[in-house]
Amino acid sequence: MESSRKSPPKTTQPRFDEVFHGDCIDVMSAWPDGFVDLAYLDPPFLTQKRHKSTNRERSKTFAFDDLWGSHHDYSEFIYQRVAQCHRILKDTGSIYFHCDRNATHIARAVLDDIFGAERFRSEIIWTYRRWSNSKNGLLASHQNIFYYTKSENFKFNQLLTDYSPSTNVDQILQQRARDSNGKSIYRRDKDGNVISNGAKRGVPLGDVWDIPYLNPKANERVGYPTQKPILLLERIIELSTDSGDIVVDPFCGSGTTLVASSLSHRKFIGIDVSAEACQLSRSRLSSPVKTESALLETGRASYANADSQLLQCLSGCDYVPVQRNSGIDAIVNAPTTNSIALVRIQRADETVNEAASLLIKASRGKNADLLIVVKTRHVATLFDDDEATTNVQVIESTAFAVNEAVAALQREA
Ligand SMILES: C[S@@+](CC[C@H](N)C(=O)[O-])C[C@H]1O[C@@H](n2cnc3c(N)ncnc32)[C@H](O)[C@@H]1O
């Protein structure tokens, strides 16, 4: 009898909390079916570029190729690897496929084909601010993450976010009913008291995630090209797994998913075709560092509010606010000459000289034509040299000048 050419079922699970070196299709092919809770894939995006970057100490350069002969080659590459992910996922498991506008159409078609269009759950838009000159079009400021599940019986932990400031929270906490005219009214108990809803603790997390891109100075940044923030992965892990579950990242790069899994007490397996990426992932895992985002904790609005109070003294000027810079508060353009002035507004606890040195430091390399400190107060100094700033023009704010004039009046009286 002719022997079956089908390979025997694989039974041995790989070691957990490990990073494997190799093409992920080869590594995953050796694994058994249905043991993984979550697969997160951040493969090359079809950018037709070699991605390269250097670590903070400038001692090491990391790179990977994202160069393809054709869209078909890319599609085939993705198809085979997503098919392996599908096979190793549990029935309750989920896949998150990260890409950008270069490959969204291909990824969606591949995922629909392998998982089934009915297993598509969400397209998550990861949005972030970038400070770059857009050449001839809109500045790309989001990436896409396709979320599919293997079956209808999938694991999902609902995450709740805060109500928007305009939501009347006390109203949504009350049960409602319709009166005889169909008008919405509060439901009341037999004593006439409004009945509480009890259950609402926030708004279910949406599919647009505003998570800052890692800035070049973030502690978490290890210098790997296209490194993703741990916060992004933590959110995905929290949504689709519980403590002790198994997370696989077949394109792990610098190991962000693995670090996020480890910090969230999940088991993980990483794979990368680059030996250097595997080494980097292992070293990150030995002492995980996560940057806490003040922006996320306090919200973007709080930054804008703090700055807008400060910037009130520039009202009437044609300025662009500069957020989150330790020395510069605003840029004022002189449109006809194309020259720029950088402005710092003196804080309550700093002298004019201190404000000026912060401004000078922050303006290095920015090629400004003029540096301006707006003086808002007198701050007592040990030596009376506070106005002795060079290279910086000091201008009194209107409020300061008015207060000074009134104080002078009082002294004369
Ligand atoms: C976009 S990067 C991943 C970045 C990662 N998410 C991070 O936060 O650092 C893509 C990675 O896929 C790896 N890669 C490319 N082809 C691969 C393959 N066939 N098997 C495994 N890894 C591969 C590259 O070496 C690169 O590290």
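The values are calculated or read from the model by the stated rules, or taken from the named source; none is laboratory data. All of these numbers come straight from a predicted model, not from anything done at the bench. Because the Cβ atoms are built from the backbone with ideal geometry, glycine has one as well, and the counts that use them run over all protein chains shown. Please note that ligands, DNA and RNA were not included when accessible areas were found on the heavy atoms of the full protein model with its side chains. Shrake-Rupley method; radii C 1.70, N 1.55, O 1.52, S 1.80 Å.
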Taking the alpha-carbon centre of each part, the distance from segment 108-130 to segment 260-274 in Å is 22
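Which value, in debye to the nearest 20, gives the size of the charge dipole of the chain about its Cα centre, when Lys and Arg are +1 and Asp and Glu are -1 at the Cβ? The partial results should precede the final answer.
Working: 49 positive and 51 negative charges, 140 e Å.
Roughly 680 debye, rounded to the nearest 20.
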Nearest 10, in degrees from 0 to 90: the angle of helix 300-311 to the longest Cα principal axis of the chain is 10
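Set the Förster radius R0 to 45 Å, insert the Cβ-Cβ distance between SER59 and ASP33 as r into 1/(1 + (r/R0)^6), and round the FRET efficiency to 0.05. Don't skip to the answer; put the middle values down first.
Working: r = 43 Å, r/R0 = 0.95.
E between SER59 and ASP33, to the nearest 0.05, is 0.55.
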Rounded to the nearest 500, the 222 nm mean residue ellipticity computed for the chain from DSSP H runs (n ≥ 4, each -39500 (n - 2.57)) alone is -8500 deg cm²/dmol
Ignoring ligands and nucleic acids, LYS150 exposes an accessible area, probe 1.4 Å, in Å² to the nearest 10, of 40
Across THR161, THR12, THR398, the residue with the highest GNM fluctuation in the chain (Cα network, 10 Å cutoff) is THR398
Taking a straight Cα-to-Cα line shorter than 15 Å from LYS217, and setting aside same-chain aspartates and glutamates fewer than 8 residues away, one finds GLU57, GLU292
Computed over the chain, protein heavy atoms only, probe 1.4 angstrom, the accessible area per residue in square angstrom equals 57
Projecting the Cα atoms of GLN346, GLN80, GLY137 onto the charge dipole of the chain, where Lys and Arg contribute +1 and Asp and Glu -1 at Cβ, the residue farthest towards the positive end is GLN80
SASA check, ILE331, accessible area w/ 1.4 Å probe, all protein chains in place, rounded to nearest 10 Å², comes out at 50
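Less than 14 Å Cβ to Cβ from ASP17, Lys/Arg counted +1 and Asp/Glu -1: what total charge do the surrounding residues give? All intermediate terms of the calculation are to be shown ahead of the outcome.
Numbers: positive: ARG15, ARG266, LYS267, ARG282, ARG284; negative: GLU18, ASP245, ASP249.
Around ASP17, the surrounding residues sum to +2.
How much length is gained if the chain between GLU18 and ASN325 is pulled fully straight, taking 0.36 nm per residue apart and subtracting their Cα-Cα distance, in nm to one decimal? Each step should come with its number before you reach the end.
Working: separation 307, 0.36 × 307 = 110.52 nm, distance 3.96 nm.
Answer, rounded to one decimal: 106.6 nm.
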Extension length gain for ASN219 and ALA275 (0.36 nm per residue less Cα distance), in nm, is 17.8 nm
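Stretched out fully, how many nm does the piece from GLU76 to ARG178 gain, at 0.36 nm a residue minus the Cα gap? Walk me through the numbers on the way to the answer.
On the way: separation 102, 0.36 × 102 = 36.72 nm, distance 5.56 nm.
The GLU76-ARG178 span can extend by a further 31.2 nm.
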Descending packing, highest mean Cβ count within 10 Å first, for 110-122, 85-97 is 85-97, 110-122
The pairs in LYS49/LYS290; LYS135/LYS366; LYS135/LYS290; LYS49/LYS267; LYS10/LYS60; LYS52/LYS290 lying past 31 Å Cα-Cα in this model are LYS135/LYS290; LYS49/LYS267; LYS10/LYS60
The relative contact order of the chain, taking Cα pairs under 8 Å that sit 6 or more residues apart, comes to a percentage of 14
Per the charge dipole of the chain (beta-carbon charges, Lys/Arg positive, Asp/Glu negative, Cα centre), the residue among LEU239, LEU370, PHE156 reaching farthest to the positive end is PHE156
